[in-house]
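S.K.: Mind looking over this structure? Questions follow.
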Amino acid sequence: MMFERVEKLFEGSDELLEALAPITSAPPFDQSDRLQVCRALCLLSIEHAVASRCLLAAGSEPSTLVVHRAQFEALVRAVWVLYCASDTEVACLQEELTPTSESLAARLPMLSKMLIALEAVKQAAEPLRVFLELKKYSWAALNSFVHAGAHTLHRLRTGFPLELVEVVVKQSNALVVMAHMQLAITAGSQEAVRWVAKTSDGFPAVLPPRIR
């Protein structure tokens, strides 16, 4: 029964990703570095979602949570780049990697400061709400998995219950929808934004209640 539920959740997640895929080919409304970097980070976040499911399917649950945090951070940075980053900060992410650009990138704000910056941006209110909720309830545990802490060892001893697998996959799917929404925004099309929302509404079984 547990295997069937997980398999159904995975199938639905793949179908959601396939349904949203057309928006990934929509070009940004201009070729600015800001939109290019935002777009690249959104695609990276989506890639992490796919990787996390592959790890789950392989039975590598602790590694899944590490990649899940990376998915979350990539999307937060994408939204921050779009609305808050200075031109200099954007440039250091877009330029070729050199000792200078690497040094500048190392001084970019961490996740908490990016979230604080987004609080002042009206257009970011909805993604910020989701980000803050995920951070409130999951951030400490995700950090523990990244740093091989107590949560990791506890789960290695006791296993990953079905309920936790479902929470992680649905959280990941919510971030996938948001990443596609950001891609639609970079395309500069309200029609594309509405299309992403309408398309994701067709997959309530694989999304958490508040993203439906």
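Where a number appears in this text, it was derived from the coordinates with a stated rule and is not lab data. Bear in mind that the values here come from a model prediction, so they are computed numbers and not experimental data. So basically every Cβ, Gly included, is an ideal-geometry build from the backbone, and we count neighbours across all protein chains shown.
S.K.: Considering only P27, P161, P127, give the residue with the highest GNM mean-square fluctuation for the chain, with springs between Cα atoms whenever their separation is below 10 Å.
M.R.: Of P27, P161, P127, the most mobile in the Gaussian network model is P161.
S.K.: May I pose another question? Quick one: Karplus J couplings for the range 59-75, per residue in order, coefficients 6.51, -1.76, 1.60, θ = phi - 60°, nearest Hz, x for Gly and Pro?
M.R.: For the range 59-75, the Karplus-derived couplings read x, 9, 4, x, 5, 4, 5, 5, 5, 4, 5, 4, 4, 4, 5, 4, 6 Hz, x marking Gly and Pro.
S.K.: Please list, in chain and number order, the residues 5+ apart from G188 or on another chain whose amide H is under 5 Å from its amide H, with Hs placed from the backbone.
M.R.: The answer is F29.
S.K.: Once phi is turned into ³J(HN,Hα) by the Karplus curve 6.51 cos²θ - 1.76 cosθ + 1.60 with θ = phi - 60°, what whole-Hz value does each residue of the range 168-183 show in order, with x for glycine and proline?
M.R.: 5, 5, 5, 4, 4, 5, 4, 5, 4, 4, 5, 5, 5, 5, 5, 4
S.K.: Same structure, new question: Quick check on the chain: take the gyration tensor over C-alpha atoms, sort the square-rooted eigenvalues as a ≥ b ≥ c, and tell me if it's rounded (a/c under 1.5), prolate or oblate.
M.R.: Values: a/c = 1.92, a/b = 1.28, b/c = 1.49.
Oblate, since a/c reaches 1.5 and b/c is not below a/b.
S.K.: Based on other C-beta atoms within 10 Å, arrange I116, I23 from fewest to most.
M.R.: I116, I23
S.K.: Placing unit charges on C-beta atoms (Lys and Arg positive, Asp and Glu negative, everything else neutral), compute the dipole magnitude of the chain about its Cα centre in debye, rounded to 20.
M.R.: That gives the chain a dipole magnitude of about 700 debye.
S.K.: Which whole-angstrom value gives the distance between the alpha carbon centres of the range 23-98 and the range 172-186?
M.R.: After rounding, the separation between the Cα centres reads 10 Å.
S.K.: Another one. If a/c stays under 1.5 just call it rounded; otherwise compare a/b with b/c (prolate if a/b is bigger, oblate if not). Do that for the range 1-116, with a ≥ b ≥ c from the square roots of the Cα gyration tensor eigenvalues.
M.R.: Prolate.
S.K.: Each residue of the range 94-104 in order: what ³J(HN,Hα) in whole Hz does its phi give by Karplus 6.51 cos²θ - 1.76 cosθ + 1.60, θ = phi - 60°, with x for Gly and Pro?
M.R.: 9, 6, 4, 6, 10, x, 5, 5, 5, 5, 5
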